[in-house]
1. Can you confirm whether residue A:97 is in contact with a Ser or Thr (Cβ under 9 Å, 6 or more places away or on another chain) and within 14 Å of chain B (Cβ to nearest Cβ)?
2. Quick one: which residue in A:40, A:11, A:63, A:54 is more than 14 Å from chain B (Cβ to nearest Cβ), within 17 Å of residue A:117 (Cα to Cα) and modelled with pLDDT of 95 or more?
3. Considering A:24, A:89, which residue is among the aromatic types (Phe, Trp, Tyr), under 30 Å from residue A:130 (Cβ atoms), touching a residue at least 12 places away in the same chain (Cβ under 8 Å) and buried (at least 18 other Cβ atoms within 10 Å of the Cβ)?
4. How many residues does region B:179-227 contain that are touching a Leu at 6+ places or on another chain (Cβ under 9 Å) and aromatic (Phe, Trp, Tyr)?
5. Among all residue pairs at least 6 apart or on different chains, which show Cβ distances below 8 Å where the first residue, located in region A:128-157, is over 16 Å from residue A:188 (Cβ atoms) and away from chain B (no Cβ under 14 Å) and the second is of a type in the set (Ser, Thr, Tyr) and in a loop (DSSP other than H, G, I, E, B)?
6. Of the residues B:19, B:80, B:30, which is within 14 Å of another protein chain (Cβ to nearest Cβ) and either of a type outside the set (Lys, Arg) or closer than 30 Å to residue B:120 by Cα (or both)?
7. Could you list, in sequence order, all residues of region B:236-255 that are in contact with a helix residue (DSSP H, G or I) (Cβ under 6 Å, 6 or more places away or on another chain) and of a type outside the set (A, V, I, L, M, F, W, C)?
8. For region B:13-37, give me each residue that is small (Gly, Ala, Ser) and assigned to a loop (DSSP other than H, G, I, E, B).
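The values are calculated or read from the model by the stated rules, or taken from the named source; none is laboratory data. As the structure is a computational prediction, the values presented were derived from the model and not from experiment. Every residue, glycine as well, gets a Cβ built from its backbone with ideal geometry; the counts of neighbours run over all protein chains shown.
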Number of protein chains: 2
Amino acid sequence: MGEESLMVRFAAVVSYKGKDFFGYQCQPGKRTVQGVFEEALKMIHKNDIKSEGAGRTDTGVHAYGQVIAFNSDKDRLSEKIMKDALNAYLPDDLYVRRVHLVKNNFSPRYLAKKRIYHYYIFNNDEPNMIFKDYSWWFPYSLDLVSMRKASVYLLGEKDFSSFKTGKDDRSPIRTIQSIRILSLRKNLILFRIEGISFLRRMVRNIVGTLIKIGTHAFEPDEMNNFIQAKNRSVLPGTAPGHGLFLYKIVFDEFET
Amino acid sequence: MGEESLMVRFAAVVSYKGKDFFGYQCQPGKRTVQGVFEEALKMIHKNDIKSEGAGRTDTGVHAYGQVIAFNSDKDRLSEKIMKDALNAYLPDDLYVRRVHLVKNNFSPRYLAKKRIYHYYIFNNDEPNMIFKDYSWWFPYSLDLVSMRKASVYLLGEKDFSSFKTGKDDRSPIRTIQSIRILSLRKNLILFRIEGISFLRRMVRNIVGTLIKIGTHAFEPDEMNNFIQAKNRSVLPGTAPGHGLFLYKIVFDEFET
């Protein structure tokens, strides 16, 4: 008789271009990141394998350091060989950067210590064909100083009910550790937002609101009123998905 | 009776993302840059309008400063309004940056004084989902000094028969004014190639050959033998289309 195989758990660090996915999470009849990833798992394992992602990115949202964990009976495969096997079956807009062997109870969704999102604004009067799938083209003048002032109100542990869109039954209390607004070159602006976890569309609602303040539609201290309202309907805007990147996730065991 | 309209000639400076076009030139049943542009011209003029481009870019090749000229009976439209009208009918991967009113004999193909092409190499062991449509992912080590040495042999007026692919009945004598190979950041390399005009696939054949020299498959002075052979079959490689940009064209009247 052959040797019995042991169940092991792997965590894959994956990057993807969001344009041609209907978001992260499986949906019947739609091309999703999780669906495409689980098809590759099935090709390798010859049966259905469930997976768990660290963040449920929306349609069009990109990832550089998403994490997807799954159990496997391929205990003899090294991390490197599992990585190569997955990439052999994945399409060219979804790529496994690394695979880590993790503990059996490893949960990318619940054990992440920090998540970092990047949001790019292409702030130029003309659009750019190269940046268009990866940034929000915003042709009006933006006051970075006002946006930075407003962003300070968002730091720390708060009730972010105003910044949540759609169904999300979790507690609205979230902690934002850092928001940096960087002018990368004359027309490219990067929002770098760090927190432990975020509500649905929270990052895009934050960026959309900061942009309105950047155009002087609202004063920076209005941000405090938006937070206090605890009501999504007070918010002036949402930034589109294609400017957003799930950039990095930090766990005790590794970071992406 | 209404006033008679005068025929005028416009030159549009256009940028496009090459991914979803079967190259520049019209082909029956294919989505091409010229085909899509002429559809927009037809919407504006209510009849078929012929156009002339400065460079016939291949499938997948991008442009930042392509020029397309056409005759029009819309002599009352300003350059700005013609630009806005074209953009209103064009899809989001083809954009008119400017429109110039030009002389009736203006020919973007024959009157260009200089063409500048950019070619991007993403030189990293792992691919990048963001750069993948705009650069050639090349995961092996490249010696920039060897490539720069080899590039010097290409400068000036030469018979470039070895660097032409496919049907091109023009004289193989071309002039390359400048080749710069720049390390933009730790893993992004830019080839900037300036000439008056280029043979079919000439830039991609030059980059493909320089890359082989960069891996030490050939010595830099082998480039001279490739040129002297005047025979395409001696060349070791062609770079893929999706790393190439028709970046800029210089005319007496304007530059892109």
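1. Judged against the criteria, residue A:97 is a match.
2. A:54
3. A:24
4. Residues in region B:179-227 being touching a Leu at 6+ places or on another chain (Cβ under 9 Å) and aromatic (Phe, Trp, Tyr): 2 in total.
5. If the second residue must be of a type in the set (Ser, Thr, Tyr) and in a loop (DSSP other than H, G, I, E, B), the pairs left are A:143/A:215.
6. Selected residue: B:19, the only one of B:19, B:80, B:30 that is within 14 Å of another protein chain (Cβ to nearest Cβ) and either of a type outside the set (Lys, Arg) or closer than 30 Å to residue B:120 by Cα (or both).
7. Scanning region B:236-255 gives B:236, B:237, B:238.
8. Of everything in region B:13-37, those that are small (Gly, Ala, Ser) and assigned to a loop (DSSP other than H, G, I, E, B) turn out to be B:23, B:29.
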